[in-house]
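J.: Input: one structure, supplied below.
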Amino acid sequence: MRNSIKHILLSLGTVSICAGAFTGTASAQNYPERSIKIVVPYPPGGFNDTLARISSDKLSKVWNQTVTVENKPGGNTTIGNNYVAKSPADGYTWLVSPLPFSVLPALYGDKLPYDALKDFQPLIWAGSAQNVLAVRNTLPVRSVKELIEYANKNPGKLNYGSTGSGSSNHLSMELFMSMTGTKMVHIPFKGSAPAVAALIGGDTDVLFDNIPNIISQIKSGSVTPIAVTGSKPSPMLPGIPTVAESGVPGYEVNVWFGIQMPAGTPKAIVDKANRQLAEIYKTEEVTKRFNDQGVEVVASTPEEFKKMIASEAAKWAKVVKDAGIKIE
């Protein structure tokens, strides 16, 4: 009798598992059945917003469903991030996530209202860009080697601008200083435009910034570029070497952009959305739109994106700790 009951329970369990798998597959086949919201934790403008709007426009046509973009800035992106982290894991709320996403755990620690590695399901690493290291024209520096020598001869006398603590340009310089043993003073600004203006005006001496943000000033000769942060030179700045090949081996900063969902979203839905987005990003039209803003298409799998985020979180946690970076 006991064995019979046991067999019945095991059979019911098997049926339940099969039914659950069938339901998940069926829901993915019909997905999406209603509108999707893509949350951007920044104000309108910039590539994060562009990525969301390209995705929204193309997906709306392919899936014949409304895909809206909602900007939720504030709290150094934590407001928008937390909103998505607490949303239902049903595939209908997405989050645009750039490089600073992996830095926030080190900056905020226990004060962060979500777990960056546990509360999100990486969907796709869309693309990557580079920062460029530029100096004011009146600074007697025209290479990374000369910058290091000048900084060492004048410790703490050089100022560098950024778009705020935890931004990719701030972290690019902190990593640079930690790897070269140089010391410069951080001057944060509220955005790229004032940071670049300060460099042109001589209020700061050096700046890392996204290439698209500063390329017009470079082309006009208002500032001098000396290196880029990627593993290879940028086609947008031919002739400009990387920081690594300029005397700081191992230095690399990729300014990445991706999209995530709440943790627990069914894998079948994640995979379906990933395949569709990758197909969109690899089209000639969208690839050109990415490239026009200095971004190279990656279009990764969810697994590749998850691994990259974890790696970046570990990398920047060390930089933040070593530099004693705090939110200002």
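The values are calculated or read from the model by the stated rules, or taken from the named source; none is laboratory data. Small disclaimer: the values here were computed from a predicted structure and weren't measured. Cβ atoms come from the backbone with ideal geometry, glycine included; neighbour counts cover every protein chain shown.
J.: Mind checking which pairs have a first residue in the stretch 90-106 that is closer than 19 Å to F47 by Cα and a second that is of a type in the set (K, R) and surrounded by 23 or more Cβ atoms within 10 Å (Cβ to Cβ), Cβ under 9 Å, 6 or more apart or different chains?
T.: Filtered contacts from the stretch 90-106: no entries.
J.: Of all residues being at pLDDT 95 or above and over 15 Å from the mean Cα position of the chain (by Cα) in the stretch 290-328, which is surrounded by the fewest Cβ atoms within 10 Å (Cβ to Cβ)? Just the residue, please.
T.: Filtering first and then ranking leaves E303.
J.: A further question follows. Out of K118, K190, K153, report the one residue that is of a type in the set (K, R) and under 30 Å from T301 (Cα atoms). Don't jump to the end; show me each part of the working.
T.: Numbers: K190 fails: under 30 Å from T301 (Cα atoms); K153 fails: under 30 Å from T301 (Cα atoms).
Checking each option against the conditions leaves just K118.
J.: On to the next question. Go through Y114, Y108 for me and flag whichever is surrounded by fewer than 22 Cβ atoms within 10 Å (Cβ to Cβ) and at pLDDT 95 or above.
T.: Values: Y108 fails: at pLDDT 95 or above.
The match here is Y114.
J.: For residues that are under 29 Å from A116 (Cα atoms), part of a loop (DSSP other than H, G, I, E, B) and among the β-branched types (V, I, T), scanning just the stretch 225-258, find the one that is modelled with the highest pLDDT.
T.: Once the filter is applied, the top-ranked residue is T229.
J.: Here's another thing I want to ask about it. Can you tell me which of A151, A129 is farther than 30 Å from I54 by Cα, in contact (Cβ under 8 Å) with a residue 24 or more places away in the chain and of a type in the set (A, V, I, L, M)? Write out each step before concluding.
T.: On the way: A129 fails: farther than 30 Å from I54 by Cα.
On inspection, the qualifying residue turns out to be A151.
J.: Of all residues in the stretch 47-72 being charged (D, E, K, R) and assigned to a helix (DSSP H, G or I), which is farthest from A273 (Cα to Cα)? Quick ask: steps written out before the conclusion?
T.: The first filter runs over the stretch 47-72 and keeps only residues charged (D, E, K, R), leaving 49, 53, 57-58, 61, 70, 72.
If we keep only those that are assigned to a helix (DSSP H, G or I) too, we end up with 49, 53, 57-58, 61.
Values: D49: 19, R53: 16, D57: 14, K58: 12, K61: 14 Å.
Per the stated criteria, the residue is D49.
J.: Restricting attention to the stretch 193-214, which residues are assigned to a helix (DSSP H, G or I) and either out of contact with any helix residue (DSSP H, G or I) (no Cβ under 7 Å at 6 or more places or on another chain) or closer than 20 Å to S102 by Cβ (or both)?
T.: Let us first name the residues in the stretch 193-214 that are assigned to a helix (DSSP H, G or I), namely 193-201, 211-214.
A193, P194, A195, A197, A198, L199, G201, I211, P212, listed by residue number.
J.: Pairs, please: C-beta under 6 Å, at least 6 apart or cross-chain, first residue in the same structural domain as T93 (by TED's automatic domain parsing) and in the stretch 65-76, second assigned to a strand (DSSP E or B)?
T.: V67/I36; T68/K37; V69/I38; E70/K37; E70/V39; N71/V40; K72/V39
J.: Considering only the stretch 272-328, how many residues are assigned to a helix (DSSP H, G or I) and under 24 Å from L104 (Cα atoms)?
T.: Within the stretch 272-328, residues that are assigned to a helix (DSSP H, G or I) and under 24 Å from L104 (Cα atoms) number 22.
J.: Being crowded, with 17+ Cβ neighbours inside 10 Å, under 26 Å from K288 (Cα atoms), hydroxyl-bearing (S, T, Y) and out of contact with any Gly (no Cβ under 7 Å at 6 or more places or on another chain) narrows it down to one of S192, S216, S220, so name that one. Before the answer, list the steps.
T.: On the way: S216 fails: crowded, with 17+ Cβ neighbours inside 10 Å; S220 fails: crowded, with 17+ Cβ neighbours inside 10 Å.
It is S192.
J.: State whether the residues of the stretch 62-81 include one that is closer than 18 Å to T265 by Cα, among the hydroxyl-bearing types (S, T, Y) and crowded, with 19+ Cβ neighbours inside 10 Å.
T.: No, because not a single residue in the stretch 62-81 is closer than 18 Å to T265 by Cα, among the hydroxyl-bearing types (S, T, Y) and crowded, with 19+ Cβ neighbours inside 10 Å.
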